[in-house]
């Protein structure tokens, strides 16, 4: 079934964001993908007439207005906002520096706050949906030594998901979260790992996942699209783990 929606996706140039954009476009939706680099955005959009691109740094003060205005100018409405862009940085507490910590919170937490804030008016007109992309690695009472800042930013995002769901429900806006587990997005290679090291990491994690495999970006995209549809209207404030049961072991 084709469902035409106007969708904003941050971090749309690679990985999960790319798959989400293409999945929405395949349903006939109009999609604005946002990222810092024009080339990967163009690669995402290639061959998909419904995808438009916007090169922008979502952490900049003027980014929320730039992004929402671009979507309204292009599509005349906003039905779905996918806060997908994220950044990480391993390091134990003694190794942390303000730049590394600030970059993660700016991208993973503050950018979604102010982009969602700017999009509320448009989303209220359509009875829209906000999807916050979190991580299964920080669910429940789990710890994440060496990756605590990234995990903390995502825990905070989950709290925002629940809180905004209640705050924005009177305006007809739903807020939901997706918490992916280990997904083969190629992010390790883009971060500087060799393909061999990255493949080794995925193989190691595969052995720990009850489902005995890692996920694909397309699987995460499927859930994001489904949760954004009218048929999912009674789901609000939930953060769904899509991780092969790893987070409950």
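The values are calculated or read from the model by the stated rules, or taken from the named source; none is laboratory data. For clarity, every value in this text was computed on a predicted model and none was experimentally measured. In this analysis, Cβ positions are derived from the backbone assuming ideal geometry, glycine residues included, and neighbour counts consider all displayed protein chains.
Looking at residue 23, is it out of contact with any strand residue (DSSP E or B) (no Cβ under 8 Å at 6 or more places or on another chain), under 21 Å from residue 230 (Cβ atoms) and either in a strand (DSSP E or B) or touching a residue at least 12 places away in the same chain (Cβ under 8 Å) (or both)? For residue 23, the condition - out of contact with any strand residue (DSSP E or B) (no Cβ under 8 Å at 6 or more places or on another chain), under 21 Å from residue 230 (Cβ atoms) and either in a strand (DSSP E or B) or touching a residue at least 12 places away in the same chain (Cβ under 8 Å) (or both) - is met. Residues in the stretch 67-74: is at least one closer than 21 Å to residue 157 by Cα, in contact with a helix residue (DSSP H, G or I) (Cβ under 8 Å, 6 or more places away or on another chain), without any contact (Cβ under 8 Å) to a residue 60 or more places away in the chain and not in a strand (DSSP E or B)? The answer is yes, given that some residue of the stretch 67-74 is closer than 21 Å to residue 157 by Cα, in contact with a helix residue (DSSP H, G or I) (Cβ under 8 Å, 6 or more places away or on another chain), without any contact (Cβ under 8 Å) to a residue 60 or more places away in the chain and not in a strand (DSSP E or B).
Pick out the one residue from 172, 181, 186 that is in contact (Cβ under 8 Å) with a residue 60 or more places away in the chain and either within 30 Å of residue 125 (Cβ to Cβ) or touching a strand residue (DSSP E or B) at 6+ places or on another chain (Cβ under 8 Å) (or both).
181
I'd like to know if the stretch 115-125 contains one or more residues that are surrounded by fewer than 23 Cβ atoms within 10 Å (Cβ to Cβ), within 18 Å of residue 223 (Cα to Cα) and under 14 Å from the mean Cα position of the chain (by Cα). Looking through the stretch 115-125, none of the residues is surrounded by fewer than 23 Cβ atoms within 10 Å (Cβ to Cβ), within 18 Å of residue 223 (Cα to Cα) and under 14 Å from the mean Cα position of the chain (by Cα). When the residues of the stretch 123-149 are filtered to those that are assigned to a helix (DSSP H, G or I), modelled with pLDDT of 95 or more and touching a helix residue (DSSP H, G or I) at 6+ places or on another chain (Cβ under 6 Å), the one that is farthest from residue 94 (Cα to Cα) is 124. Against the criterion of being under 20 Å from the mean Cα position of the chain (by Cα), under 25 Å from residue 100 (Cα atoms) and touching a residue at least 12 places away in the same chain (Cβ under 8 Å), residue 165 does not qualify. The sole residue among 33, 58 that is part of a strand (DSSP E or B), touching a helix residue (DSSP H, G or I) at 6+ places or on another chain (Cβ under 6 Å), buried (at least 21 other Cβ atoms within 10 Å of the Cβ) and modelled with pLDDT of 95 or more is 33. Tallying residues that are touching a helix residue (DSSP H, G or I) at 6+ places or on another chain (Cβ under 9 Å) and closer than 27 Å to residue 14 by Cα within the stretch 221-235 yields 7. Candidates are the residues of the stretch 150-182 that are in a loop (DSSP other than H, G, I, E, B) and modelled with pLDDT of 95 or more; the one that is farthest from residue 209 (Cα to Cα) is 172. Only residues that are over 21 Å from residue 176 (Cα atoms) and surrounded by fewer than 21 Cβ atoms within 10 Å (Cβ to Cβ) were counted across the stretch 143-162, and they come to 6.
Among the listed residues 215, 188, 244, which satisfies the condition of being over 21 Å from residue 13 (Cα atoms), under 21 Å from the mean Cα position of the chain (by Cα) and surrounded by 17 or more Cβ atoms within 10 Å (Cβ to Cβ)?
Of the residues listed, the single one that is over 21 Å from residue 13 (Cα atoms), under 21 Å from the mean Cα position of the chain (by Cα) and surrounded by 17 or more Cβ atoms within 10 Å (Cβ to Cβ) is 244.
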